[in-house]
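Data first, discussion second: the structure below is written as structure tokens.
The values are calculated or read from the model by the stated rules, or taken from the named source; none is laboratory data. For clarity, every value in this text was computed on a predicted model and none was experimentally measured. Please note: Cβ atoms are built from the backbone with ideal geometry, for glycine as well, and neighbour counts cover all protein chains shown.
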Amino acid sequence: MKGSLFNVFIALCDGKYAIFNTMTGALVFADEDLKGILGSKDVRIDELDSEMVNRLEKMGLIVENGVDERRLFKYNYLQNRYSNRDAHFSILLTYKCNLSCPYCYEGRTTKPEKSMDDEMVERVIKAIIGKVKETGSRNLSLALYGGEPLLCLNGGMKILRSLSSWCNSENVNFKSALISNGTLLTRATVNTISGHVDAVQLTLDGPRWYHDRLRVFCNGRGTYDRILESIPLLREAGISVILRVQVSMENIVLLAELFDDLKKKGFSEDKGIRLYAFPLMELNPACCSYSSLCIDEDSYEDILPTIWAEGLKKGFVMAFKPTPSFIQPYCSFASDSSYLIDAFGDVYKCVSLVGQQDHKVARIDSMGRFIDVSFELCEFMARDPLKLESCFNCVYLPTCSGGCAYRSLLSNRTYFGKDCALHRTLEYKKILFYIRSKYSDRLKVIE
């Protein structure tokens, strides 16, 4: 037998090691002897009792000599990529927005002022039901976004009610989410979406005084208080809240102040509220106006763990065990059963490419059929991380799978390149942070 290609070894202060397998997600603590065995290309199983051998093999930390783990990864990767079990659709209800944020990646002056009309809403409903029938998917997840989706509330509710009813009659599991700026989430609106939306994602840019400089109404008025007022309304209605904290070069030192305020409001004690931090990125030409705020990719590994630790200190759950991409995909649209549909009825495979006509993969006709399917779909879906040399030999291949296809397109002018920006060293830091958070009372990690 041999040690797995995907074992990550982490030295602990007590002379022991944490060993994490990126293919299986297994984590064990070992002494120097066991660490040496698991790092060997020829495991001396005679030095281990049979029960230990069986346990290590079941966890994927050791494998038979004849096992090619890259082929095993590829099998799992392709099985997930082309599985019909789960279908996911993101619907851009409208390009309109009631805010005027200077860093909007969709662009403030370039985006069309288009919302879904009643006819397009019907087309979208037919298209989604048709795809789920075609693939036989047993789980359907739907995300409504924009622009600001609540500016097209009637259309969104029509889609939600129709799909929920159809899924119920066909015994298909249905989950839905709303990505909103939060400013239109009044009690009346929350009552309307209650029972139809499972989760709402909101975005914060820092403490009130800083947030209100950036995330503003068209008249320049801040939105911080209005967003936070919506959170108790959502929770009273049983709707989960996901708080996305935008991280920029300017607000890094301010986020502790934000976490303090959120804690004072009791949000850290509510398990129905989840917080995560994400770096501000230059995603397309519309982003050039805020490029100075974007965090340098080489700084992610230092900045993000510091923010995770600050959030954890305030009581928020910030540590999650890194998960293989074939269980929880890095990109939800890297699946053959996942699509984005915009207000024009154009179909895309990447949220960052929505609205860019040369990257649409299809459009929806009056019968709800996907027509004019382009070669772009094949290009996007044919991406294979095992064809990338640096990925082929990387211990983090199972959790990264080559990274973001769109960011590869930006830097390499092709989907068939690597994107290590959020993975190069950050995957290791995620494992460290998970161990520190989960086992802080038992051990310390050597940096």
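Yes/no per residue for (1) under 20 Å from the mean Cα position of the chain (by Cα); (2) of a type outside the set (A, V, I, L, M, F, W, C); (3) at pLDDT below 95:
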site	(1), (2), (3)
PRO322	yes, yes, yes
PHE326	yes, no, yes
TYR330	yes, yes, yes
PHE333	yes, no, yes
PHE344	no, no, no
VAL361	no, no, no
ILE364	no, no, no
ILE371	no, no, no
SER390	no, yes, yes
Residues of segment 72-103 satisfying the condition of being part of a loop (DSSP other than H, G, I, E, B) and among the small types (Gly, Ala, Ser): SER83, SER100
Residues located in segment 304-322, provided they are closer than 16 Å to CYS420 by Cβ and either surrounded by fewer than 18 Cβ atoms within 10 Å (Cβ to Cβ) or outside the structural domain of GLU257 (by TED's automatic domain parsing) (or both): PRO322
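Mind telling me which of the residues THR135, THR192, THR186, THR203 ends up being in contact (Cβ under 8 Å) with a residue 60 or more places away in the chain and not aromatic (Phe, Trp, Tyr)? Before you say what the answer is, go through the steps one by one.
Numbers: THR192 fails: in contact (Cβ under 8 Å) with a residue 60 or more places away in the chain; THR186 fails: in contact (Cβ under 8 Å) with a residue 60 or more places away in the chain; THR203 fails: in contact (Cβ under 8 Å) with a residue 60 or more places away in the chain.
Selected residue: THR135, the only one of THR135, THR192, THR186, THR203 that is in contact (Cβ under 8 Å) with a residue 60 or more places away in the chain and not aromatic (Phe, Trp, Tyr).
On the basis of being buried (at least 20 other Cβ atoms within 10 Å of the Cβ) and within 25 Å of TYR95 (Cα to Cα), does ILE242 make the cut? Outline the logic, then answer.
Details: buried (at least 20 other Cβ atoms within 10 Å of the Cβ): no; within 25 Å of TYR95 (Cα to Cα): yes.
Against the criterion (buried (at least 20 other Cβ atoms within 10 Å of the Cβ) and within 25 Å of TYR95 (Cα to Cα)), ILE242 does not qualify.
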Among (1) assigned to a strand (DSSP E or B); (2) free of Cβ contacts under 8 Å to residues at least 12 places away in the same chain, the one test that GLU51 misses: (1)
Of the criteria (1) under 22 Å from the mean Cα position of the chain (by Cα); (2) in contact (Cβ under 8 Å) with a residue 40 or more places away in the chain; (3) part of a helix (DSSP H, G or I), which one ARG436 fails: (1)
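Residues checked against (1) closer than 30 Å to GLY355 by Cβ; (2) buried (at least 19 other Cβ atoms within 10 Å of the Cβ); (3) modelled with pLDDT under 95:
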residue: LYS2; (1), (2), (3): no, no, yes
residue: PHE6; (1), (2), (3): no, yes, no
residue: CYS13; (1), (2), (3): no, no, yes
residue: ASP33; (1), (2), (3): no, no, yes
residue: GLY36; (1), (2), (3): no, no, yes
residue: SER40; (1), (2), (3): no, no, yes
residue: VAL53; (1), (2), (3): no, no, yes
residue: PHE89; (1), (2), (3): yes, yes, no
